[in-house]
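S.K.: Just passing along the structure, written as structure tokens.
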Amino acid sequence: MRTFRLGGVHPEENKISTNAKIEVFPLPKQAVVFLNQHLGAPATPVVAKGDAVKTGQLIAKAEAFVCANIHSPVTGTVNKIDTMKDIFGFNKTAIVIDVAETEEWVETVDTTPDIKRDITLSQKEIVDKIKEMGIVGLGGATFPTHIKYMIPEGKKAEYLLINAAECEPYLTSDHRVILDHTEEVLIGISVLRKALGVPKAYIGIENNKPEPIARLQEMAKQFEGIEVVPLKVKYPQGAEKQLIYSITRRSVPSGKLPIDVGCVVNNIGTAFSVYEAVQKNKPLIETIMTLTGKSLGQQQQHNFVVRIGTPFSDLANYIGGLPEDTCKIISGGTMMGKAIVNIDGPIVKGTSSMLLISEKEAYRYEEQDCIRCGKCVKACPMGLEPYLFSSLINNGKFQEAADNHLMDCMECGCCLFSCPAHKPLTDEIRLAKTKLRQMQQKK
Amino acid sequence: MRLLNVSGSPHVHSGESVKRIMWDVNIALIPLLLTAILFFGFEALFVCLVSVASCLLFQWLIEKFLLKTKTTITDGSAIVTGLLLAFNLPSNLPLWIVIIGALVAIGIGKMSFGGLGKNPFNPALVGRVFLLISFPVQMTTWPRPLGICNIFSNGAVDATTGATPLAAFKEAVKNGTANFDMPNLMDAFLGHIGGSMGEVSAIAIIIGGIYMLCRRVISWHIPVSFIGTALVFSAILWCINPSHYMDPITTILTGGLMLGAVFMATDMVTSPMSKWGKVVFGIGCGLLTIIIRNWGSYPEGVSFAILLMNACVPLINKGFKPKRFAK
Amino acid sequence: MSNFIVAAIVVLGAVGLIFAVVLYFVAQKFKVIEDPKIDEIAEVLPGANCGGCGKAGCRALAEAFVKQGDMEGLRCPAGGDAVAEKVAAILGIEASKAEPQVAVIRCAAGCANNPPKSSFQGMKSCAFAHGVFVGTNGCAFGCLGLGDCYNVCQFGAIILDPKTGYPTIDEEKCVGCGACAKACPRMVIELRNKGPKNRRMYVSCVNKEKGAAARKTCTNACIGCGKCAKVCPFEAITVENNVAYIDYTKCKLCRKCEAECPTGAIVSVNFPPRKPAAEAPAKPAEQPAPANNSTVNNENTTNNA
């Protein structure tokens, strides 16, 4: 079984919502669409207060290089363009749309349920389409997808890797997309393969999903140049550098991008939205997300396709309120996801889940002195020394930490997960990375 | 609804804790305790109890009255130190010496550096070496082990005392008597030889070591490289002059080598972090042990070897970094 | 026996002598010639290495003084005028005077009016928490209450409330070095002139949200209504980004704005208690400031709320 070499941990999988088919979540009453839902600069709004918008209409345009278009997820009128609180409580500029009773799509969007198999667009047209439809990476970083397909001069893409590892505990949205939309996903991958101009695309998928693997392998026979690669179950199998190593045995050096070793990595969810964008002309206005938690009954585990701008509280209301013992709500997986404070905050493009975690599970034990057991060193998939960072950071020696390759850390959380002394290693490293970036900017 | 809790990722934990690690070590030490009682009678148990109790007491006193911090005696680390110290002592040692050893081990070996995790040297070994230098006579007079049948017969223990095979061998080499009576290998393996309480029985140490390996408290690197180096090095010497040097199998089965390699050198706090660092550490311990045994004035060199290598750990950590991704 | 003793004395003596000679020459060879003034100045500096002067530490400041030869642009904020005079004496020049400053915390989130809206676990660092979420009190601008300022203060001038974690400044101990202001990721702490008789007024809020939103976040928030700016006879108050700011160089401490503020965001420090509302605006009383002068006088919050 293929896997990466260094480090890694085995958190409890907790994939309890795998059997819940993807359901369409009802429209919200008011949609709050942030102008910055992606990595990079915020988009510039092209609508004003009082404008009527249709579903799928462009409402904010990308003007910077690293930026993505934003389309209206609903039909209605623009209530205001103002700062709104996101799920972490921070104020960000958003377009607020009051939702009309009847939904009206933009004419160009193909809303029929038929699967469109022929890829008619040329390589360049596909990339332009991806850019126009505001597709961003749905694996978590929300990096605008089209930039990955603008290969810099002197570099050559050899492999397209599709990340379906879904190594995070709890998350099942990728699992369900593969099962419920197998053919669309594979068409999406073919589109991406054409856009990149490579002969081969690999789908990396963790071996704990036998059903999706079987389905993909069965269906992939009808497609040219798509291979399914089952991977060993080990966190963080879905991290970009680890995935590239597992599948191609190539190592992305420190500070380099996947394209430097001839690889482009996309999430399987992105492949699905690329299918919708390129083949059906549908912009990225929905996200497929998991609503799960150990305290919820089997009937209340859901996988939804939700419009962007829907508040998290709508999801909570859908299942009849949060369970009594909910202590933490996480957007994303338990290893790298973020805890939210403002449940009225809206869903954005990269949202992949709403996890309800009980107090017992989320509790962080009191910090103790490091006993230098080396478990963090053993767990680190980048081969770093978190214990050393911790002592350097606590003494304010950020530069020395950077000399020990602190910036290679991808904050996967393996060190904190395995630390017997419960030291907040990942927290400290994250702080140091922020400080170092600030120091660099000052220079 | 209650207040939402917020923290940085990750939001789950493996459940590993310092307490659990320390108690795992304690569990791994149980076979040693049983063999100690088996071969040296209930006197051995008394020494262990006194050692553990005084370690706990000193740690509590120091934390309560000197450092004025929260007491950490429940984490089990003081019990580990107490047991390991006791296992490095002869079973007939006067109890007041044991208490002094515990004071040095906890007070100087551990707490003076700031407590668990900050000590550069293995506390139990600090205590043991202090006693060895301060009370050489008491520390090198070992009772002969009892037969399994006469554990309960009192009085027999104090009557017979003698040197360990190592000391006897050294004496024999010094006097030029070439034909030294080697201990039966099976006896050495089971523990029916003279020596400190915990170091005599190789089988008990191996059982404890396997338990710790399964629980991932230790990794194989240090014990294997330590014992392997000692084996190879002594084999080379033995090939050169079998009458002057001890044979390799007896070398590793006698004295504190097994105990040191499995329980003392693998102490997390005082051993290197990376795999290669651990291997280097083990090799250094093995070499130093054989050198001290053969050319030093002491018949046994495990404690000194480990303490010397403990001092090198920061350097090893600096020199042998873990392998980085894409490097 | 005596031979042994003589031999030991001779050998040890010779070894000692050789080392002494070697050490002497090595010391001569590697001697660093340094202006003795640096040591003298370093001696009079506080030695806290707080970084308030902008240098790496007290010795670095002493070196800078000597290198520059005068005190232009260099000052030890922690030592204040007393140290400045000593340094000037060593340098042989006239000391420059500066208004003593003190840190103020422009956030009142620790009070009972703004209960926590979430709880936090993890690294006790404001800088870290700032990157994770808005803060337990729900305000994206205010104090996070995890004590970064407390950790950097070399003078023990910051007192954390054991229950809420919010800081207060001990004016007696605060030397105005500004280390806390630099450490605060939300720039809540500001250095202000101590003011006459240690009396000063400031807006205890930095929330840039619009009025209604700010008020929803915290009952003590500045809502940017501008009433204070209108009432101020000295044009000392400006309202920008929905937050009022009192310019301490223009403020004459008349306390009119404090009476006008609908949320009690404006606080005055070290003033005697106000007389009952019926009387005319209180004049600064003659009696000296009370002993416990770190208390903040905002009891009129309830009158106007």
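S.K.: Answer yes or no as to whether residue C:179 is within 30 Å of residue A:82 (Cα to Cα) and crowded, with 23+ Cβ neighbours inside 10 Å.
M.R.: When the stated conditions are applied, residue C:179 does not pass them.
S.K.: Condition (residue is in a strand (DSSP E or B) and closer than 25 Å to residue A:108 by Cβ) applied to segment A:264-279: is it met by at least one residue?
M.R.: yes
S.K.: Do you know which of the residues in segment B:90-128 that are without any contact (Cβ under 8 Å) to a residue 12 or more places away in the chain, over 24 Å from residue B:138 (Cα atoms) and outside any loop (DSSP other than H, G, I, E, B) is nearest to the other protein chains (Cβ to nearest Cβ)?
M.R.: If we take residues in segment B:90-128 being without any contact (Cβ under 8 Å) to a residue 12 or more places away in the chain, over 24 Å from residue B:138 (Cα atoms) and outside any loop (DSSP other than H, G, I, E, B), then B:113 is nearest to the other protein chains (Cβ to nearest Cβ).
S.K.: Under the condition of being of a type outside the set (A, V, I, L, M) and in contact with a Cys (Cβ under 8 Å, 6 or more places away or on another chain), which residue from segment A:155-200 is surrounded by the fewest Cβ atoms within 10 Å (Cβ to Cβ)?
M.R.: So the residue we want is A:158.
S.K.: Quick one: which helices (runs of 4 or more DSSP H) sit completely within segment B:1-88 and have at least 2 residues that are among the charged types (D, E, K, R), within 14 Å of chain A (Cβ to nearest Cβ) and surrounded by fewer than 24 Cβ atoms within 10 Å (Cβ to Cβ)?
M.R.: Of the helices (runs of 4 or more DSSP H) lying wholly inside segment B:1-88, those with at least 2 residues that are among the charged types (D, E, K, R), within 14 Å of chain A (Cβ to nearest Cβ) and surrounded by fewer than 24 Cβ atoms within 10 Å (Cβ to Cβ) span B:18-28.
S.K.: A further question follows. Here is a check on your reading of the model: is residue A:356 of a type outside the set (Gly, Ala, Ser), in contact with a Gly (Cβ under 6 Å, 6 or more places away or on another chain), surrounded by 19 or more Cβ atoms within 10 Å (Cβ to Cβ) and over 26 Å from residue A:144 (Cβ atoms)?
M.R.: Yes; evaluated as a whole, the condition is true for this residue.
Table: residues versus (1) crowded, with 22+ Cβ neighbours inside 10 Å; (2) among the β-branched types (Val, Ile, Thr).
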| site | (1), (2) |
| --- | --- |
| B:196 | yes, no |
| B:203 | no, yes |
| B:210 | no, yes |
| B:220 | no, no |
| B:237 | no, no |
| B:242 | no, no |
| B:251 | yes, yes |
| B:257 | yes, no |
| B:261 | yes, no |
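S.K.: List the helices (runs of 4 or more DSSP H) inside segment B:143-204, counting only whole elements, that have at least 3 residues being at pLDDT below 60.
M.R.: Because the criterion is at least 3 residues that are at pLDDT below 60, the helices (runs of 4 or more DSSP H) in segment B:143-204 that meet it are B:156-159.
S.K.: Would you please list the contacts, defined by Cβ atoms under 7 Å and residues six or more apart or on different chains, that run from a residue in segment B:240-257 that is at positive phi to a residue that is crowded, with 23+ Cβ neighbours inside 10 Å?
M.R.: Taking only residues 6 or more apart or on different chains, the pairs are B:255/B:164; B:255/B:166; B:255/B:195; B:255/B:199; B:255/B:300; B:255/B:302.
S.K.: Counting only residues that are more than 9 Å from chain B (Cβ to nearest Cβ) and more than 21 Å from residue A:2 (Cβ to Cβ), which one in segment A:237-259 is least open to solvent (accessible area, probe 1.4 Å)?
M.R.: That would be A:259.
S.K.: Based on this model, can you work out whether residue C:145 counts as within 15 Å of the chain's Cα centre (by Cα) and under 30 Å from residue C:46 (Cα atoms)?
M.R.: Criteria not met by residue C:145.
S.K.: Kindly indicate whether residue A:262 is at positive phi and crowded, with 24+ Cβ neighbours inside 10 Å.
M.R.: no
S.K.: How about segment A:333-349: which of its residues are more than 8 Å from chain B (Cβ to nearest Cβ) and either under 16 Å from the mean Cα position of the chain (by Cα) or open to solvent by less than 10 Å² (accessible area, probe 1.4 Å) (or both)?
M.R.: Within segment A:333-349, A:333, A:345, A:346, A:347, A:348, A:349 qualify.
S.K.: Now for a different question. Can you tell me which of C:122, C:110 is more than 17 Å from the chain's Cα centre (by Cα), at pLDDT 80 or above and not in a helix (DSSP H, G or I)?
M.R.: After applying the criteria, what remains is C:122.
S.K.: Could you list all residues from segment A:298-313 that are more than 14 Å from every other protein chain (Cβ to nearest Cβ) and either assigned to a loop (DSSP other than H, G, I, E, B) or free of Cβ contacts under 8 Å to residues at least 40 places away in the same chain (or both)?
M.R.: If the condition is that a residue be more than 14 Å from every other protein chain (Cβ to nearest Cβ) and either assigned to a loop (DSSP other than H, G, I, E, B) or free of Cβ contacts under 8 Å to residues at least 40 places away in the same chain (or both), then A:299, A:300, A:301, A:308, A:309, A:310 are the ones that fit.
S.K.: Every residue in segment A:314-331 that is open to solvent by 10 Å² or more (accessible area, probe 1.4 Å), under 23 Å from residue A:174 (Cα atoms) and either acidic (Asp, Glu) or outside any strand (DSSP E or B) (or both), please.
M.R.: Selection gives A:314, A:318, A:319.
S.K.: Taking the condition within 12 Å of chain B (Cβ to nearest Cβ), more than 25 Å from the chain's Cα centre (by Cα) and farther than 14 Å from residue B:7 by Cα, does residue A:399 pass?
M.R.: Taking the combined requirement at face value, the residue does not satisfy it.
S.K.: Do you know which of the residues in segment C:35-71 that are under 22 Å from the mean Cα position of the chain (by Cα) and open to solvent by 70 Å² or more (accessible area, probe 1.4 Å) is farthest from residue C:153 (Cα to Cα)?
M.R.: C:59
S.K.: Filter segment C:158-193 down to residues that are touching a helix residue (DSSP H, G or I) at 6+ places or on another chain (Cβ under 8 Å) and part of a loop (DSSP other than H, G, I, E, B) and give me whichever is farthest from residue A:435 (Cα to Cα).
M.R.: Per the criteria, the residue is C:171.
S.K.: In addition: Restricting to segment A:118-141, name every residue that is open to solvent by 30 Å² or more (accessible area, probe 1.4 Å), within 18 Å of residue A:40 (Cα to Cα) and aliphatic (A, V, I, L, M).
M.R.: Scanning segment A:118-141 gives A:138, A:141.
S.K.: Can you tell me which of (1) open to solvent by less than 10 Å² (accessible area, probe 1.4 Å); (2) at the interface with another protein chain (Cβ under 10 Å from one of its Cβ atoms); (3) within 23 Å of residue B:272 (Cβ to Cβ) is the one residue A:418 doesn't meet?
M.R.: With respect to (1) open to solvent by less than 10 Å² (accessible area, probe 1.4 Å); (2) at the interface with another protein chain (Cβ under 10 Å from one of its Cβ atoms); (3) within 23 Å of residue B:272 (Cβ to Cβ), residue A:418 is out only on (1).
S.K.: Give the residues of segment C:117-134 that are in contact (Cβ under 8 Å) with a residue 40 or more places away in the chain and either facing another protein chain (nearest Cβ under 8 Å) or buried (at least 22 other Cβ atoms within 10 Å of the Cβ) (or both), sorted by residue number.
M.R.: Of everything in segment C:117-134, those that are in contact (Cβ under 8 Å) with a residue 40 or more places away in the chain and either facing another protein chain (nearest Cβ under 8 Å) or buried (at least 22 other Cβ atoms within 10 Å of the Cβ) (or both) turn out to be C:126, C:127.
S.K.: If you don't mind, another one. For residues in segment B:305-327 being surrounded by fewer than 19 Cβ atoms within 10 Å (Cβ to Cβ) and away from every other protein chain (no Cβ under 12 Å), which is nearest to residue B:200 (Cα to Cα)?
M.R.: Looking at the filtered set, the residue picked out is B:308.
S.K.: Out of everything in segment A:354-373 that is at the interface with chain B (Cβ under 7 Å from one of its Cβ atoms) and touching a helix residue (DSSP H, G or I) at 6+ places or on another chain (Cβ under 7 Å), what residue ends up being modelled with the lowest pLDDT?
M.R.: Applying the filter and picking the extreme gives A:368.
S.K.: Return the total of residues in segment A:359-400 being assigned to a loop (DSSP other than H, G, I, E, B), open to solvent by less than 30 Å² (accessible area, probe 1.4 Å) and over 16 Å from residue B:18 (Cβ atoms).
M.R.: Qualifying residue count for the region: 6.
The values are calculated or read from the model by the stated rules, or taken from the named source; none is laboratory data. Not measured: the values here are computed from a predicted model. When we count neighbours, we look across all protein chains shown, and the Cβ atoms used for this are built from the backbone with ideal geometry, even at glycine. The area values use the complete protein model at the heavy-atom level, side chains included, leaving out ligands, DNA and RNA. Shrake-Rupley method; radii C 1.70, N 1.55, O 1.52, S 1.80 Å.
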